[in-house]
Structures are given as structure tokens and as C-alpha cells.
Amino acid sequence: MALRALIFDVDGTLADTERDGHRVAFNAAFVEAGLDWHWDPALYGHLLAVSGGKERIRHFLATSGAGRAGRAGLTDIDGLIATLHAAKTRHYTAMLATGAIPLRAGVARLLCEARAAGLRLAIATTTSPENVSALLSRSLAPDAASWFETIAAGDVVPAKKPAPDIYELALAELRLPAAECLAIEDSENGIRASRGAGLRTVVTVNDYTRGQDFTGAVSVLDGLGEPGSPARVLAGAEPRRGYVTVDDLTNWR
Ligand code: XBP
Ligand code: MG
């Protein structure tokens, strides 16, 4: 079947947003709330096993003892999580607005190539919609959100990655079968979600996800690559010209 659409993950795929973006915003929200919590890069790497910022805070509370019952101000856990996550999103979108988080190599090139080739574009992400808009408008193009027919993001589905829900929503909104689409992801949770929706998946790893299990990936690379700056192939299909093109994605099975 012909390739008709590409469905992109956001965090770790479009841009390296986690260590120097989301993590910094979470810590700023904790300080603002007068909490002595601090997620260093190593701890955050472990917490990334849980998709979703609100879910990640709840997991931290449950597993770190930080939410020990009876501690001052920690009785209304749901309210605390909502307040912390709203503050974190405010800090994160403010950071994005400064252009602090650039797109990964090859992302803008492949998106433009895909548009020129008439491929339809979509996003399937666990992050909050406002984070997607802020990243796209500042780091890609002011009108870049309109390049994507659908941006399936955050709480719009009952179960976040690794559940397939967000990809199934994107496919439903595209009105395309999985066989005519291809997903681009960065993490094990992500490919479990995309493969769960029946999607061929290309993985571009990052420092947090390099050692994870990408079973079922069409190709696993250290990035999409650029002319003159080839991608390193870790497993699976190799880009014909050293960097991933629409032709590669069309032919890779
Ligand atoms: C990655 C996530 C998100 C972000 C934080 O999303 O798991 O939860 O870490 O964003 P993806 P929020 O890789 O699917 O793009 O705090 O808005 O959830
Ligand atoms: Mg991701």
C-alpha cells in the first residue's frame, strides 16, 4: 500500500525536549510551590518510564516517599498535581517561546520534503497541546501547526503511551489505515504505542532512550541525518543517501 501520511511523536523526536526543557520546568514548578523536590537528569531518566507529566508527578509521589501522608500541604494530592503541572507547563511554554529548544537535525528538512511530496502530516504525543503549539510555532514556523492535519496530544485519550490510543486517534482523524502511514518515535513507550496501533515505525534515539527495546522498528537511527551529516544506523533499514528521506520511508517495509 502507498505511504500517505507520517505521524510524528514530539518529545525526543521533533526536539530534545526532556532533559533541558520539561525537566527544568518541573523543577521550576517545584521551587515555585515551595517544595524541596529536585529531579536531576539521572532521576528524570528513570521517571520518563511514565508517560505524561501529571502521571509522572503522581508516580514520583507514590514511589519516592515525597508524598508521605500527613506532610503539610500534601493531603490534596490531585489538587497539588494539577497545580504543579499547570505551573510546569507555564514555565515550559515560556522556555519554548525563547527558542531555547531547537528541532533535532533533519526534522525540518523531512517535514518540508514530506509536504512537497504530498504526504499528509499528523502528530501523536503524550505532551500537552499547548506545548506542541509553542514548539512548532517558535522552532519550526509561525504557522507550522497548520502543516499537521491532526495534533493528537495529551489528555484527549484515556490511556497514554505505551497504550496505542493516541495513535489510533490520529489514524481515525486522518481516516487512513495504519498500513498507509508511518510513525516516527524516540522511545520504547512510543514504539509500543505506534506498533500497538499497527504502524510501521522509525526510531530516532536520544541519550535517554538509546538502550531501550525497539523491537518491531523498521529502522533505529541516532537521528534523521542531513546532507553532509549522515545518520548512524543502530538497527534495520539504512537510508540510501545517509540521511532519511521520503523515498526511504516510502520503500522501507
Ligand atoms: C513525552 C511525555 C510527556 C512529556 C511531558 O511525550 O511523556 O509527558 O514528558 O509533557 P511524547 P507533559 O514523547 O509522546 O511526545 O508534562 O505535557 O505531559
Ligand atoms: Mg517521545
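Here's a check for you: in segment 158-175, which residue that is within 10 Å of A193 (Cβ to Cβ) and not small (G, A, S) is surrounded by the most Cβ atoms within 10 Å (Cβ to Cβ)?
Result: Y167.
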For residues that are touching an Asp or Glu at 6+ places or on another chain (Cβ under 9 Å) and in contact (Cβ under 8 Å) with a residue 60 or more places away in the chain, scanning just segment 15-43, find the one that is surrounded by the fewest Cβ atoms within 10 Å (Cβ to Cβ).
R19
Working only within segment 165-196, note down all residues that are of a type outside the set (A, V, I, L, M, F, W, C) and within 16 Å of ligand 2 (Cβ to nearest atom).
D165, Y167, E185, D186, S187, E188, N189, G190, R192, S194, R195, G196
Could you please find all residues in segment 211-224 being closer than 19 Å to L3 by Cβ and in contact (Cβ under 8 Å) with a residue 24 or more places away in the chain?
G216, A217, V218, S219, L224
Residue ID - farthest from ligand 1 (Cβ to nearest atom), chosen from residues in segment 168-194 that are under 16 Å from F214 (Cβ atoms), of a type outside the set (D, E) and touching a strand residue (DSSP E or B) at 6+ places or on another chain (Cβ under 6 Å):
L182
Residue under evaluation G211, criteria (1) at pLDDT below 95; (2) over 20 Å from the mean Cα position of the chain (by Cα), criterion not met
(2)
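Return the residues of segment 22-35 that are more than 12 Å from ligand 2 (Cβ to nearest atom) and not acidic (D, E); say none if nothing qualifies. Before you say what the answer is, go through the steps one by one.
Taking segment 22-35 first, the residues more than 12 Å from ligand 2 (Cβ to nearest atom) are 23-35.
Listed by number, the residues that qualify are R23, V24, A25, F26, N27, A28, A29, F30, V31, A33, G34, L35.
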Can you confirm whether V205 is in contact with a strand residue (DSSP E or B) (Cβ under 7 Å, 6 or more places away or on another chain) and either within 13 Å of ligand 1 (Cβ to nearest atom) or at pLDDT 95 or above (or both)?
yes
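The values are calculated or read from the model by the stated rules, or taken from the named source; none is laboratory data. All values reported here derive from a predicted model rather than from experimental measurement. When we count neighbours, we look across all protein chains shown, and the Cβ atoms used for this are built from the backbone with ideal geometry, even at glycine.
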